[in-house]
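Novice: First, the structure itself, so that you have it in front of you.
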Amino acid sequence: MIEIENVHKSFGDLKVLDNVSLTVKKGEVVSIIGGSGSGKSTLLMCINGLEPIQSGSIRVDGIEVHAKGTDINKLRTKIGIVFQQWNAFPHLTVLENVTLAPRKVLKKSKAEADAIGRKQLEHVGLGDKLDVYPSKLSGGQQQRMAIARALAMEPQYMLFDEVTSALDPQLVGEVLDTMRLLAKEGMTMILVTHEMAFAREVSDRVAFFKSGKMHEIGTPEQIFGNPQRPETAQFLASVL
Ligand code: ADP
Ligand code: MG
């Protein structure tokens, strides 16, 4: 489980996360929605220990992410993260890109890493692209490769940061299909997304952020159907 408690985070004078608390249980899918600059990406970076926090705490499976003694590299292997864009190594095949971290970080043998990589590439529908180079893939296929790469570390949690935002509209669906599949399989996920219909469909809960504050969290029915905060209603009116 991911437990975020009273987290405050600033970049200099700029308060970016303002007393954020959120618990994500095993198997839950939580979407984070909100306008640009509301702190959504920063929250994911803090969960993964890529950004320090000023106060509060974030625990992943009971381990304090920002505690001095925490082995952050070990903790990160539990948490897959996929961004808007991932630049694959152009001189490596799709399979080689996906198996790099299992081999280097998890010290898997080539045979073992290849088996995992193949499995995860099939999982995201790229079983026929193992030996091609990333430049031969469409944007949607590249994002699915990025998801397979994260899954190849066999994480307990997946964080998605606007993974479809840079894609041409006709390529969005195939990436959402992959995420939908992971959600159905019970993967614990936090996803930052602008795809409101998708958030409504796959999420157990949806959180609305504005100016670093989590203004409201609830079921998709509550947030989209009957928002309690004027800020949430205003945001939804602007995007729906
Ligand atoms: P969102 O993902 O919701 O668009 P971000 O978490 O990226 O928002 O950013 C929140 C705020 O923090 C923005 O005002 C952004 O400009 C600022 N910010 C993000 N990263 C940094 C950084 N590394 N240094 C300084 N300011 C940053
Ligand atoms: Mg962002």
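Rule-based calculations on the coordinates, nothing more; no lab input. Note that the coordinates shown come from a computational prediction; the quantities given were computed from them, not determined experimentally. Cβ sites come from the backbone with ideal geometry, for glycine too, and all protein chains shown count toward neighbours.
Novice: Considering the stretch 122-178 alone, what residues qualify as being among the basic types (Lys, Arg) and either under 27 Å from Ile33 (Cβ atoms) or in contact (Cβ under 8 Å) with a residue 60 or more places away in the chain (or both)?
Specialist: Arg144, Arg149
Novice: Turning to a different aspect of this structure: If a residue must be of a type outside the set (Gly, Ala, Ser) and assigned to a strand (DSSP E or B), how many such residues does the stretch 49-76 contain?
Specialist: 5
Novice: Just give me the residues in the stretch 25-48 being buried (at least 22 other Cβ atoms within 10 Å of the Cβ), assigned to a strand (DSSP E or B) and within 14 Å of the chain's Cα centre (by Cα), in sequence order.
Specialist: Within the stretch 25-48, Val29, Ser31, Ile32, Ile33 meet the criteria.
Novice: Any idea which residue in the stretch 1-36 is nearest to ligand 1 (Cβ to nearest atom), counting only those that are under 19 Å from Thr193 (Cα atoms) and without any contact (Cβ under 8 Å) to a residue 24 or more places away in the chain?
Specialist: Across the stretch 1-36, the extreme among qualifying residues is Ser36.
Novice: Moving on. Would you mention how many residues in the stretch 174-203 are part of a loop (DSSP other than H, G, I, E, B), away from ligand 1 (no atom under 16 Å from the Cβ) and surrounded by 20 or more Cβ atoms within 10 Å (Cβ to Cβ)?
Specialist: The total comes to 1.
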